[in-house]
Amino acid sequence: MLDMLVVGGGYVGLAAAVAVKQAAPHLDVVVIEAAPETAWKKDTRASAIIAAASKMLEVFGIWDEIKPEAEPITRMIVTDSRTGDPVRPVFLTFDGEVAEGQPFAHMVPNLTMVGALRGACERLGISIRHGVSATDFKTGDTNVTLTLSDGSALEAKLLVACDGVRSKLRDMAGIKTVSWDYGQSGIVVTVEHERPHNGCAEEHFLPSGPFAILPLKNNRASLVWTERTSDADRLVAADDLVFEEELERRFGHKLGALHTVGERRAFPLGLTLARDFVAPRFALAGDAAHGIHPISGQGLNLGFKDVAALAETVVEADRLGLDIGSINILERYQTWRRFDTFRMGVTTDVLNRLFSNDIMPLRVARDFGLGLVDRLPKLKSFFIGQAAGTAARDNPRLLAGEAI
């Protein structure tokens, strides 16, 4: 019988397996991934990795492998305007460092991050089974049995679902969610531009939703462009000339000529929060537990916080000779993570509703609020510490750069 089964071979699932196996090498950990073995190599997107998460990757021994491809965010500016405004006044600026020489976040290509995590799995002896999906699971007193699409079955003490916001395992476990659709989609695309960005990230609040420009290596940027779903679908289906013309209206000319690189995709945006994070011998992590609006860039980092908290809970229980799949043990993980997740979900929901409109009284109020924060250095430092994940008092040890 295995000790831990992880369903989902993305960055959260792989990180969960690495975190537990590295701290407790005697535990048998297996990852199940429905996609073919080479599918991850086709991901051209990039993700924001906050300072606390990069500390965890450093503990894993893979940050030095990732860092050469990671672009530090040295500065961030926030504007609130309409698409056709000739000038976009900057209401709020953030210095990108939480400490001397430590950026609050880096932009990391998904290909680089997943590749490094897969390498760590290989070094630790973690098996990754590709091309099979979970079809059912049954929970017993001492084990959980997972049935796979190839007809085989695996037994473990603990099953961890990292299978995304539409988690099938979450449904199988009977865990309900609080969810709603925003009627928006996020267009994700990479662009090349003529002039250097100097590590500056930008968040433009436009009436249809936020338009984020996130710096990458080699005069490139990753865009998260929020539009009403019907408009997003139309833009993604448009030819390159139409798409880049609309893109330029929002991006502006400050970085010179630009053009898109690779495919463009649109993802529907909504809020999904699991009512419970655990059940007997079962735990949710990452998007399976919470899907939030990308307005704060915290979705993946919430998943990494789940990983750090779950691994610490499991490993400490094992060291005490306790059953790692016991509901009493898993409830500690739930208590640790559920409030923070709900708080972030509510925060992103409020921010999206506040800024994704063109109602004049709200515009005046939010612009006044942004300007006020910009004039209070201590408040700005607090916000940047929260965004970097370094200010939380209850951080798991991995997020503080400490081994479990």
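No lab work stands behind these numbers, since they all come straight from the coordinates. All figures in this text were calculated on a predicted structure; none of them were measured in a lab. Neighbour counts are summed over all protein chains in view; Cβ atoms, including those assigned to glycine, are modelled from backbone coordinates with ideal geometry.
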| query | So how many Lys-Lys pairs in the chain land under 16 Å Cα to Cα, not counting same-chain pairs under 8 apart? | reply | 7
| Based solely on its DSSP helices, what 222 nm [θ] is calculated for the chain when runs of n ≥ 4 H residues each add -39,500 (n - 2.57) and the sum is averaged over all residues, nearest 500 deg cm²/dmol? | -11500 deg cm²/dmol
| query | Can you pull out the GluC sites (Glu not before Pro) in the range 305-404 that DSSP calls coil and that have at most 14 other Cβ atoms within 10 Å? | reply | E402
| Angle between the Cα long axis of helix 240-251 and the longest principal axis of the chain, 0 to 90 degrees, nearest 10? | 80
| request: If a/c stays under 1.5 just call it rounded; otherwise compare a/b with b/c (prolate if a/b is bigger, oblate if not). Do that for the range 295-404, with a ≥ b ≥ c from the square roots of the Cα gyration tensor eigenvalues. | output: prolate
| In Hz, Karplus ³J(HN,Hα) per residue of the range 182-190 (6.51, -1.76, 1.60; θ = phi - 60°; x = Gly, Pro) | 8, x, 10, 10, x, 7, 10, 7, 9
| message | What do you get for the angle between helix 360-374 and the principal long axis of the chain? Use alpha-carbon atoms, 0 to 90 degrees, nearest ten. | response | 80
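Would you list Y11, Y333 from fewest to most Cβ contacts within 10 Å? Mind showing how you got there, number by number?
Details: Y11 27, Y333 23.
So the residues, fewest neighbours to most, are Y333, Y11.
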| Relative packing of peptides 19-28, 218-227, 233-242 - highest average C-beta neighbours within 10 Å first | 218-227, 19-28, 233-242
| Along the positive direction of the dipole of the chain (beta-carbon charges: Lys, Arg +1; Asp, Glu -1; about the Cα centre), which of A24, V188, T341 reaches farthest? | T341
| request: Within 10 Å of each residue's Cβ, count the other Cβ atoms and sort M76, M1, M360, M113 from fewest upward. | output: M360, M1, M76, M113
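Given Cα pairs under 8 Å that are at least 6 residues apart, what percent is the relative contact order of the chain?
22
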| Which value in nm describes the separation of the simple spin-label points at N218 and S179, placed 7 Å from the Cα toward the beta carbon? | 3.7
| note | Computed about the Cα centre, the charge dipole of the chain from +1 Lys/Arg and -1 Asp/Glu charges at the Cβ has a magnitude in debye, to the nearest 20, of 660
| For the chain, modelled as a Gaussian network with Cα springs under 10 Å, which listed residue fluctuates most, A35, A48, A274? | A35
